[in-house]
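Below you'll find the structure, written out as structure tokens, and then a few comments.
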Amino acid sequence: MGTNSFLKVLPEMVTFLRVAELGSFSAAADLLGMTPSAASRQVKRLEKEIGVQLLQRTTRQLRLTEPGTEAFARCRELVLAAQGTMDIAQQFSSKPSGLVRLSAPKAFARRVLHPHMLDFLQRYPEVDVQLIVEDRDIDPIREGVDLVVRLTTAPPEGLVARQLMAVEHILCATPRYLAQHEAIAHPRDLLAHSCLSLGEHERDNHWRFTKEGEEDAAVVVRGRYISNHSEMRLEGALTGLGVACVPDFMAREALDEGRVVRVLVDWEFQGNYHGHAWILYPPNRFTVPKCRVLIDHLLGALADEPSKLSASSARPARPRAGS
């Protein structure tokens, strides 16, 4: 390839990157605003210019060849550099301004982030925020999102990860429900109760517990209501349907008001969705003032978030006498 011949295949490099990321010509075409056949032709032109096959095409899937894996990494760097170039003016501006696109899971966005977004927008009148509420994992580089909040124990490689707050799943039920049913002093006691679980995966009703890191327990629970939305499980518990597993931030208000109480507070619930909330972004995003001030705002606002779970909310339910 000639010295400047790469200039004519820059669009093809972007198309190849999106096809490889999404594993589909159709999905990449939708993202780029073209037809699948046009996307396929662009990748073929890039392969012809480079002189190697980048993708192995079958009727069911696309797979990167060994040269394709190397090309994918270089094209990803290219897109990052292009995004950084578009932000040069912002990087040299001392005043934060412009639009920040932030993605977060639905429950966390509504219960935790939203109130702090309102504070932020008042503090920085020149910065706008688009809060994208999605439970799926969003790739900020591929989808053009500045910042991503993800709840996980292991942040992905290739992105800067800043820890926002711990996320714990707890069990809760209404005082009335607990007064009318068998006492719950040990995880095995849950077998006599209706338990509201996620149901996203086959083993989401396999609840595991530890106590002071020394004792383990596991039970397979059953219940009348299964939902993969934590707010719905909480509402189910509030209507007396049973014991719900929910993130602590989701139950905080109901706990503080005494509408629900924690169950098995001496045990740590080892659900599939615990760890920390992280804010993720490509390395170049922190240098942009509009992103930097939002990152710093969230880090400061959420630093003491777990401590807001009041002592009264954390008290265990009193076992019902004579059960």
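Overview of results
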| read-out | value |
| --- | --- |
| Relative contact order (%) - criterion: Cα under 8 Å, at least six apart; region: the chain | 20 percent |
| Label assignment, volume of the Cα convex hull per residue in Å³ derived from the structure, set (1) 115; (2) 129; (3) 168 | (3) |
| 0 to 90° range, to nearest 10: angle between helix 66-86 axis and the chain longest Cα axis | 90 degrees |
| Rounded accessible area of Lys211 (nearest 10 Å², 1.4 Å probe) | 70 Å² |
| Separation between Cα centres of segment 171-195 and segment 105-152, rounded to whole Å | 36 Å |
| Residues of the chain: accessible area per residue with a 1.4 Å probe, Å² | 53 Å² |
| Sum of -39500 (n - 2.57) over DSSP H runs of 4+, divided by residues of the chain (222 nm, nearest 500) | -10500 deg cm²/dmol |
| 0 to 90° range, to nearest 10: angle between helix 114-123 axis and the chain longest Cα axis | 60 degrees |
| GNM flexibility winner over the chain from Met165, Met117, Met34 (Cα, springs under 10 Å) | Met34 |
| For peptides 171-182, 236-247, 120-131, sequence by mean Cβ density within 10 Å, most packed first | 236-247, 171-182, 120-131 |
| Carbon/sulfur fraction of accessible area - the chain, other protein chains in place, 1.4 Å, % | 50 percent |
| Sequence of Trp267, Trp278 when ordered by accessible area, the most exposed leading, probe 1.4 angstrom | Trp278, Trp267 |
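The values are calculated or read from the model by the stated rules, or taken from the named source; none is laboratory data. In this text the structure is predicted, and so the values were computed from the model without any measurement. So basically every Cβ, Gly included, is an ideal-geometry build from the backbone, and we count neighbours across all protein chains shown. Quick note on the areas: whole protein, heavy atoms, side chains included, nothing else; ligands and nucleic acids left out. Shrake-Rupley method; radii C 1.70, N 1.55, O 1.52, S 1.80 Å.
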